[in-house]
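Written out below as structure tokens is the structure these notes cover.
The values are calculated or read from the model by the stated rules, or taken from the named source; none is laboratory data. Computed from a predicted model, the values in this text were never measured in an experiment. Every residue, glycine as well, gets a Cβ built from its backbone with ideal geometry; the counts of neighbours run over all protein chains shown. These accessible areas exclude ligands, DNA and RNA; they are computed on the full protein's heavy atoms, side chains included. Shrake-Rupley method; radii C 1.70, N 1.55, O 1.52, S 1.80 Å.
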Amino acid sequence: RAGFDGHERYDLVVTHFFLDCFSDVQTRMLVNAIRDVCAPSAKWLVAEFRQPDRGWRKWHARCWLETMYFFFGITTGLNTRRLPDYRAALTAAGFELREFRLAYAQMIGSELWQLRQDLGVKPV
């Protein structure tokens, strides 16, 4: 959809198992860049790995996450070794969490975020 400035604006952003490839700083920069081309009521669908806070699920996720980061570090040169705080980045960029679901021993979260209506549109 075209915005008032003639540039495309996007109604939906989908990032599945993508944000975990970046550092906190890179994630904030990426989220802000994407937010700048979003329509006023854009939605963002996120599916990401997560680290539960306690119990056996915490240790289960920790083992898997360390194994995956080790593997991708060796095979792709990925420098990131921990999950970024993408929720803080989305919140700071003006998105609000609307829905949240857990799967696979609470190690995978699916989230629906929506841009707050009171923010307006930033020019590109």
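Residues that are crowded, with 19+ Cβ neighbours inside 10 Å and of a type in the set (Phe, Trp, Tyr) within segment 11-43 comprise just one, Phe22.
Checked against (1) closer than 22 Å to Gly73 by Cβ; (2) open to solvent by less than 40 Å² (accessible area, probe 1.4 Å); (3) touching a strand residue (DSSP E or B) at 6+ places or on another chain (Cβ under 7 Å), Arg50 passes all but condition (2). Only residues that are open to solvent by 40 Å² or more (accessible area, probe 1.4 Å), touching a helix residue (DSSP H, G or I) at 6+ places or on another chain (Cβ under 8 Å) and modelled with pLDDT of 95 or more: list them for segment 92-118, please. Answer for segment 92-118, where residues must be open to solvent by 40 Å² or more (accessible area, probe 1.4 Å), touching a helix residue (DSSP H, G or I) at 6+ places or on another chain (Cβ under 8 Å) and modelled with pLDDT of 95 or more: Ala92, Leu97.
Selection within segment 65-91: residues that are within 30 Å of Asn32 (Cβ to Cβ) and among the hydroxyl-bearing types (Ser, Thr, Tyr). The member of this set that is most open to solvent (accessible area, probe 1.4 Å) is Thr76. Does Arg62 fit the bill of being surrounded by 19 or more Cβ atoms within 10 Å (Cβ to Cβ) and among the charged types (D, E, K, R)? Taking the combined requirement at face value, the residue does not satisfy it. Has segment 67-88 got any residue that is closer than 26 Å to Glu8 by Cβ and of a type in the set (A, V, I, L, M, F, W, C)? The answer is no, given that none of the residues of segment 67-88 is closer than 26 Å to Glu8 by Cβ and of a type in the set (A, V, I, L, M, F, W, C).
Selection of segment 34-58 for residues being within 13 Å of the chain's Cα centre (by Cα) and over 17 Å from Tyr69 (Cβ atoms) yields Ile34, Arg35, Lys43, Trp44, Leu45, Val46, Ala47.
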